[in-house]
Amino acid sequence: MIERIAILGTGLLGTSVGLALRAAGFRGSIVGWDKDPAQAQIALAFGALDSVAAEALQAAHASQLTLLAVPVYATLDWMEQLACVLGSDHLVTDVGSTKAQISTAAARLFNRVDRAAFLPGHPMAGKELGGAANADAEMFRGAVWLFTDDPGWDQGWQRSPHSAALVEGWREWVTAFGAKILDLDPARHDEMVAWVSHLPQFVATALSALLEEQIGEAPDLKGIGGRGLREMTRLGASPYSMWRDIAYTNTVAIESALHALEQRLAHIRENLRTPALRDEFEQANRFRRG
């Protein structure tokens, strides 16, 4: 049974997990740490944490489960540090948006009978605005929470029985949040999220940047775009600080998706006056109906 949790990174997702745990009935202790102490204090004030840790590694060692709610490269850095101080009575998990590098590091550093377990995870939930102040206990309800665990570990031949039990316990809490669990191979995960998550973000970023260039000097014109413009550019408010690591760690899959979109846009441009445009709308409608 999980009774002590440390959350390293108390921004949007980390604080939302703390709130979701409380909403789902978690009665154990939750300690948080953030490189920005102000974020941790907001999380504490919201009730997502019981206390704020002065030292992250000590907090992790004193906990059964450590959640890494930081960008991907920071997650990889923490994995190196935590592997040296945690043992078989610990579980580490994360919420990183790409999984290939994290899963490879997990196989190298964790998941042995004498080491902590590591369960790579990725909730398909969030907002374009980060920070603890935007956290939401209901953020994960109805969302898909992806795990890219190695199937071999489920056989118990590497993990200790205690850490394997912690893995199952965390999966049960994710379900209690109202999320649907889906297990994927790490490479397949990165390929899929490039299409359904990363491509929409970069399209919104490009469109927002282009519109700023075209009408930025005439802010009164922004209002005439209406709801459609607001929906299409909502993700344009997302911070580069988070998406930089995603672009660096999933470059090939994102490039492939962007190239396919470029070709599709060219096809539409070339067929604005042909029946092929109708076909594009019909195919798009089928996707939305599905």
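The values are calculated or read from the model by the stated rules, or taken from the named source; none is laboratory data. Nothing here was measured: the structure is a model prediction, and the numbers come from that model. Neighbour counts run over all protein chains shown; Cβ positions are idealised from the backbone, glycine included.
In this structure, does Ala204 turn out to be in contact with a Leu (Cβ under 7 Å, 6 or more places away or on another chain), of a type in the set (A, V, I, L, M) and surrounded by 15 or more Cβ atoms within 10 Å (Cβ to Cβ)?
Criteria met by Ala204.
Tally the residues that are assigned to a loop (DSSP other than H, G, I, E, B), in contact (Cβ under 8 Å) with a residue 60 or more places away in the chain and out of contact with any Lys or Arg (no Cβ under 8 Å at 6 or more places or on another chain), restricting the search to segment 68-91.
First pass over segment 68-91, keeping only residues assigned to a loop (DSSP other than H, G, I, E, B): 69-71, 84-90.
When the remaining residues are screened for being in contact (Cβ under 8 Å) with a residue 60 or more places away in the chain, the result is 69-71, 88-90.
Going one step further and asking which of them are out of contact with any Lys or Arg (no Cβ under 8 Å at 6 or more places or on another chain), we end up with 69-70, 89-90.
Residues flagged as assigned to a loop (DSSP other than H, G, I, E, B), in contact (Cβ under 8 Å) with a residue 60 or more places away in the chain and out of contact with any Lys or Arg (no Cβ under 8 Å at 6 or more places or on another chain) within segment 68-91 amount to 4.
Could you list, in sequence order, all residues of segment 264-288 that are in contact with a helix residue (DSSP H, G or I) (Cβ under 8 Å, 6 or more places away or on another chain) and not in a helix (DSSP H, G or I)?
Asn271
Looking for whichever is under 17 Å from the mean Cα position of the chain (by Cα) and either on the phi < 0 side of the Ramachandran plot or of a type in the set (S, T, N, Q) (or both) here; the options are Leu166, Leu119, Leu109. Which one fits?
Leu119
So, Glu270, is that one among the charged types (D, E, K, R), over 29 Å from Arg188 (Cα atoms), surrounded by 11 or more Cβ atoms within 10 Å (Cβ to Cβ) and modelled with pLDDT of 95 or more or not?
It is true that Glu270 is among the charged types (D, E, K, R), over 29 Å from Arg188 (Cα atoms), surrounded by 11 or more Cβ atoms within 10 Å (Cβ to Cβ) and modelled with pLDDT of 95 or more.
If a residue has to be of a type outside the set (A, V, I, L, M, F, W, C), part of a loop (DSSP other than H, G, I, E, B), buried (at least 18 other Cβ atoms within 10 Å of the Cβ) and in contact (Cβ under 8 Å) with a residue 60 or more places away in the chain to count, how many in segment 106-154 make the cut?
3
Each row is one residue, and each column tells you yes or no for (1) polar (S, T, N, Q); (2) farther than 14 Å from Leu8 by Cβ; (3) loosely packed, with under 15 Cβ neighbours inside 10 Å.
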| residue | (1), (2), (3) |
| --- | --- |
| Arg27 | no, yes, yes |
| Val31 | no, no, no |
| Ala40 | no, no, no |
| Ala45 | no, yes, yes |
| Ser51 | yes, no, yes |
| Ala56 | no, no, no |
| Ala59 | no, no, no |
| Ser63 | yes, no, no |
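Pull out all pairs, ordered by first then second residue, where Cβ-Cβ is under 9 Å, the residues are six or more apart or on different chains, the first lies in segment 7-23 and is of a type in the set (D, E, K, R), and the second is not in a helix (DSSP H, G or I).
Within 9 Å, the pairs are Arg22/Ile30; Arg22/Gly47; Arg22/Ala48; Arg22/Ala137.
Would you check which residues across segment 1-10 are at negative phi and crowded, with 24+ Cβ neighbours inside 10 Å and list them?
Ile5, Ala6, Ile7, Leu8, Thr10
Working carefully through the options Ala6, Ala43, find the one that is among the aliphatic types (A, V, I, L, M) and either part of a helix (DSSP H, G or I) or out of contact with any Ser or Thr (no Cβ under 6 Å at 6 or more places or on another chain) (or both). First the steps, then the outcome.
Values: Ala6 fails: either part of a helix (DSSP H, G or I) or out of contact with any Ser or Thr (no Cβ under 6 Å at 6 or more places or on another chain) (or both).
Residue meeting the stated conditions: Ala43.
Return the residue satisfying two criteria in turn: it lies in segment 115-151 and is touching a Ser or Thr at 6+ places or on another chain (Cβ under 6 Å) and among the charged types (D, E, K, R), and of such residues it is farthest from Asn250 (Cα to Cα).
By that ranking, first place goes to Asp136.
What is the number of the single condition among (1) aliphatic (A, V, I, L, M); (2) buried (at least 19 other Cβ atoms within 10 Å of the Cβ); (3) touching a Leu at 6+ places or on another chain (Cβ under 9 Å) that Val85 does not meet?
(2)
Any residue in segment 197-213 that is within 24 Å of Phe110 (Cβ to Cβ) and under 16 Å from the mean Cα position of the chain (by Cα)?
No, because not a single residue in segment 197-213 is within 24 Å of Phe110 (Cβ to Cβ) and under 16 Å from the mean Cα position of the chain (by Cα).
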